[in-house]
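Reviewing the structure listed below.
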Protein chains: 2
Amino acid sequence: MDTVNATSVSAELVALATRAREASLVLQDTGHEVRVAALRAMARAIREQAGTILRENELDCETARKQGLGQSLYKRLALDGDKIEQMAIGLESVTGLPDPVGVLQEEIELDQGLILDKVSCPLGVIAIVFESRPDVVPQVIGLSVKSSNAVIFKGGSEALHSNRVLFQILEQAGIAAGLPDGFAGMVESRDDVKALLKLDDYIDLIIPRGSNALVRSIMDSTRIPVLGHADGICTMYVDKDADLQMAVRLVHDAKAQYPAVCNAIENLLVHRQVAGTVLPRILEDLRGASVEIRGDSTVCALLPDALPADEADWDTEYNDLILSVRVVESLDEATAFINAHGSGHSDAIVTGSDEAARRFVRRVDSSSVMVNASTRFADGYRYGKGAEIGISTNKTHARGPVGLEGLVIYKYILRGSGQCVADYTGAHARSYTHRRIL
Amino acid sequence: MDTVNATSVSAELVALATRAREASLVLQDTGHEVRVAALRAMARAIREQAGTILRENELDCETARKQGLGQSLYKRLALDGDKIEQMAIGLESVTGLPDPVGVLQEEIELDQGLILDKVSCPLGVIAIVFESRPDVVPQVIGLSVKSSNAVIFKGGSEALHSNRVLFQILEQAGIAAGLPDGFAGMVESRDDVKALLKLDDYIDLIIPRGSNALVRSIMDSTRIPVLGHADGICTMYVDKDADLQMAVRLVHDAKAQYPAVCNAIENLLVHRQVAGTVLPRILEDLRGASVEIRGDSTVCALLPDALPADEADWDTEYNDLILSVRVVESLDEATAFINAHGSGHSDAIVTGSDEAARRFVRRVDSSSVMVNASTRFADGYRYGKGAEIGISTNKTHARGPVGLEGLVIYKYILRGSGQCVADYTGAHARSYTHRRIL
């Protein structure tokens, strides 16, 4: 088993990364039918060994109870028969998605008989660093195998036994079904993570899933591209032409339906022309949901129970029932505020004006921009991706909720019959046709 | 003019980067017709002020002659009327390419009346660090404006006067034609480059164009995504089913037609079955082109005038008339060699076997893979992109010869009529339709 212990030396980690890289090269040439069969075998293995998984998970849960792990973390850690069945179903559902590898994206004739294809291919080796939730293991193995990538895991220590047994079961099932040795690897110590971050010759992408602090520390200490988001500072702007009723509902959904997540809003902006009518209604509604309001001076003047916001509030992700509220003079002030204080995740406008919506959509530089809809929709499942590996606020490669498309890149394949560049230069140069075929 | 001198403090650089970021937000909402008009105005301005450009360029050339700048660098530095006309034509030709911004890439109905669009948009602010060639200034301003990005330049000190005057002319013409102040900025000192690399809150992509050392030092010292390639270690593999004649021609083209460039080959692999017949012919041809051969023991035994290659030779980019040659036992040994020693740039197979070609293409993990064609075709112009900002060996975002597509990303735009996530959860949840429209 490709598990490296905390005490192991770094040569062992390099060996694991080397196996992953070698496996990734074999995976480049592993057919979709083999990958699908492996995913089905993994789903079967998880069902068959549900008892073992639950036993190992109980070891983690016991430790968690002793150490007084927080309620919400404990809930994410603890498995039951239903959650295990969900893991199996998740693996099976990935099999139904179209093969993301080998897709012809463009085809161009450079000259007669000289054809250039742009074809999707896997990235290579992906490393994923996550906290607490053991269901990440089958989910990420599923996406990696589907996209022909090798993967290296580092899970949270709270879930060590659960992650380890899941990893073992999935690895064995995968290799038995024809995947190359090393297609998945696991490391267990924090030191290994630090070392992983240095292995830019072996690892093509790092996906951190967990707290903002985890994500930021990884982004700060590696040359490997990182796919993810540190902050989720989302804003909703209620325009002067907003439907009052709709604004109340959308603000409620975006703030209070599930405040702990990255696509919930932290800031609310309201156009001055409607502040007097809209704000009291919104805030009455939010008071019912126990949301604390931190407002600018106009907001505080309108609402006696609002607390004054300080400068830091506009840049804070509360992940809690707290909302910063500010009155703006114009749509442009709103978009400037969002571009300055937001994290480029998901931002919304509530407006009845098509022109205002268009301007907002063009001007807000975020991965998801909503018009008359909740920011909470920014999610791989809701966006219809079938599976999500994370939400990215990067400006390169993959942005927003990312599915399998974030795990592939492309290569150019040029097919000829002996063509030389020299034939296309100088006095009797042939010319390129550059005819787009696809 | 947004030029920061070597002596300026870093506050000035932050101010320049801030102007660039603000301009980039305006550019997000600047129509294609404005951008095209600006490019046309720039082409006109270059033609009108050709005399001024040549005068300033002569100052650089004079210094270069005094300092004994190498012949090839001097040739790239020196401008004439024809090169200036080419700059103007280059700017005009970009106007004819399709607008890369605002392209609807996907459209999906999440539910009736809740429509998700994936639309291309600019990256934001691009920084380009280059050496010696002043024609990079109009070329990169052209691509940036076309793709609605702001751009910050740092050119080589050898071309300071030329770059500065070109930048001034283009900036003025662009602003007069309606582009926002700050759409292009220029820094002039090495210290400014170091500082730029730290401005990851302002700059979305860095494109280094120049020596391997320049590219590597930039990649090593920034968190900003870097698009480019440090090495160009390309390999050609002559398979056992290769056409002898074709192999000779392709090796000649890939090595000797222009050895100083990144897509020329450094390594040649030959299948053992044909080594005895193919190698003498290839090497006879290369001798005629004064190519020095460094071979493994088999090669040296076959060819008395080959020098023995040492381990470092297989990983060396000569950029010169030197070729490392090795005999391999199989196609798989060839692909393993390329994946281990190549730089993921461009690699070729010469073979008459479709099956061998397919296997090679699948197994070689490089941005361009050639079958019976020269590696020298890996180039934005030859690939029909109209314009190239560089060749990338990155595995994320953009790979291979990169045109305008590398300067855009996408955003998701969700349009609804008040939909809340709460409507889609719980007992009476609505379900998603997830109907693909585009």
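Could we say that A:L438 is in a strand (DSSP E or B) and over 25 Å from A:I152 (Cβ atoms) here? Against the criterion (in a strand (DSSP E or B) and over 25 Å from A:I152 (Cβ atoms)), A:L438 does not qualify. Only one entry in B:L110, B:L97, B:L69 is more than 22 Å from A:R358 (Cα to Cα), over 20 Å from the mean Cα position of the chain (by Cα) and surrounded by fewer than 24 Cβ atoms within 10 Å (Cβ to Cβ), namely B:L69. Going residue by residue through the stretch B:57-68, is there one that turns out to be modelled with pLDDT under 95, among the hydroxyl-bearing types (S, T, Y) and out of contact with any strand residue (DSSP E or B) (no Cβ under 9 Å at 6 or more places or on another chain)? There is no residue in the stretch B:57-68 that is modelled with pLDDT under 95, among the hydroxyl-bearing types (S, T, Y) and out of contact with any strand residue (DSSP E or B) (no Cβ under 9 Å at 6 or more places or on another chain). Of the residues making up the stretch A:199-223, those that are within 12 Å of another protein chain (Cβ to nearest Cβ) and surrounded by fewer than 22 Cβ atoms within 10 Å (Cβ to Cβ) are A:D200, A:D201, A:R216, A:M219, A:D220, A:S221, A:T222, A:R223.
Rundown of residues vs (1) surrounded by fewer than 17 Cβ atoms within 10 Å (Cβ to Cβ); (2) out of contact with any Phe, Trp or Tyr (no Cβ under 7 Å at 6 or more places or on another chain), yes/no style:
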position: A:T298; (1), (2): no, yes
position: A:A309; (1), (2): no, yes
position: A:D315; (1), (2): yes, yes
position: A:G342; (1), (2): no, yes
position: A:R358; (1), (2): yes, yes
position: A:S367; (1), (2): no, no
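Residues in the stretch B:3-35 that are at pLDDT 90 or above, outside any helix (DSSP H, G or I) and touching a strand residue (DSSP E or B) at 6+ places or on another chain (Cβ under 8 Å): B:Q28 alone. Taken together, A:L250, A:L321 contain a single residue that is surrounded by 21 or more Cβ atoms within 10 Å (Cβ to Cβ), within 24 Å of the chain's Cα centre (by Cα) and on the phi < 0 side of the Ramachandran plot, which is A:L250.
Close Cβ contacts (under 8 Å, 6 or more residues apart or on different chains) running from residues in the stretch A:133-159 that are assigned by TED's automatic domain parsing to the domain that holds A:C121 to residues that are assigned to a strand (DSSP E or B) and among the charged types (D, E, K, R) comprise A:V136/A:R209. Can we say B:G384 is more than 8 Å from chain A (Cβ to nearest Cβ) and modelled with pLDDT under 95? Taking the combined requirement at face value, the residue does not satisfy it.
Would you check if A:V327 is within 11 Å of another protein chain (Cβ to nearest Cβ) and either crowded, with 20+ Cβ neighbours inside 10 Å or in a strand (DSSP E or B) (or both)?
So A:V327 does not fit the description; no.
Within the stretch B:373-392, being surrounded by fewer than 24 Cβ atoms within 10 Å (Cβ to Cβ) and of a type in the set (S, T, N, Q) holds for one residue alone: B:S392.
Residue count for the stretch B:118-127 satisfying the condition of being more than 14 Å from B:Q28 (Cβ to Cβ) and at the interface with chain A (Cβ under 9 Å from one of its Cβ atoms): 1. Among the residues of the stretch A:387-409, those that are over 30 Å from B:R376 (Cβ atoms) and facing chain B (nearest Cβ under 7 Å) comprise A:K395, A:R399, A:G400.
Could you please find all residues in the stretch A:252-276 being part of a helix (DSSP H, G or I), more than 10 Å from every other protein chain (Cβ to nearest Cβ) and touching a residue at least 40 places away in the same chain (Cβ under 8 Å)? Across the stretch A:252-276, the qualifying residues are A:K255, A:R272, A:A275. Of the numbered criteria (1) free of Cβ contacts under 8 Å to residues at least 40 places away in the same chain; (2) within 24 Å of the chain's Cα centre (by Cα), the one B:D423 fails is (2). Inspect the stretch A:347-357 for any residue being within 12 Å of chain B (Cβ to nearest Cβ) and in a loop (DSSP other than H, G, I, E, B) and give the result as yes or no. For the stretch A:347-357, residues within 12 Å of chain B (Cβ to nearest Cβ) and in a loop (DSSP other than H, G, I, E, B): present. Summed over the stretch B:122-164, residues that are farther than 17 Å from B:I206 by Cβ and surrounded by 23 or more Cβ atoms within 10 Å (Cβ to Cβ) total 10.
A:Y412 falls short on exactly one of the conditions (1) assigned to a loop (DSSP other than H, G, I, E, B); (2) hydroxyl-bearing (S, T, Y); (3) facing chain B (nearest Cβ under 7 Å), and that condition is (1).
B:A422 meets the conditions (1) more than 8 Å from chain A (Cβ to nearest Cβ); (2) of a type in the set (A, V, I, L, M); (3) surrounded by fewer than 21 Cβ atoms within 10 Å (Cβ to Cβ); (4) assigned to a helix (DSSP H, G or I) in every case but one. The failed one is (1). Here the stretch B:358-381 is the region considered, the condition is being charged (D, E, K, R) and either at the interface with another protein chain (Cβ under 7 Å from one of its Cβ atoms) or touching a residue at least 24 places away in the same chain (Cβ under 8 Å) (or both), and the residue that is farthest from B:C262 (Cα to Cα) is B:R359.
Within the stretch A:210-226, the only residue that satisfies the criterion of being hydrophobic (A, V, I, L, M, F, W, C) and in a loop (DSSP other than H, G, I, E, B) is A:I224.
Is it true that some residue in the stretch A:178-186 is closer than 30 Å to A:S374 by Cα, modelled with pLDDT of 90 or more and away from chain B (no Cβ under 12 Å)? No - not one qualifying residue is present in the stretch A:178-186. Under the condition of being under 15 Å from the mean Cα position of the chain (by Cα) and part of a loop (DSSP other than H, G, I, E, B), the residues counted in the stretch B:371-388 number 11.
Within the stretch B:315-323, can one find any residue that is of a type in the set (A, V, I, L, M, F, W, C), in a helix (DSSP H, G or I) and in contact with a strand residue (DSSP E or B) (Cβ under 7 Å, 6 or more places away or on another chain)? So far as the stretch B:315-323 goes, no, none of its residues is of a type in the set (A, V, I, L, M, F, W, C), in a helix (DSSP H, G or I) and in contact with a strand residue (DSSP E or B) (Cβ under 7 Å, 6 or more places away or on another chain).
The values are calculated or read from the model by the stated rules, or taken from the named source; none is laboratory data. Here the structure is a predicted model, which means the values were calculated and not measured. Backbone-built Cβ (ideal geometry, glycine too); neighbour counts: all protein chains shown.
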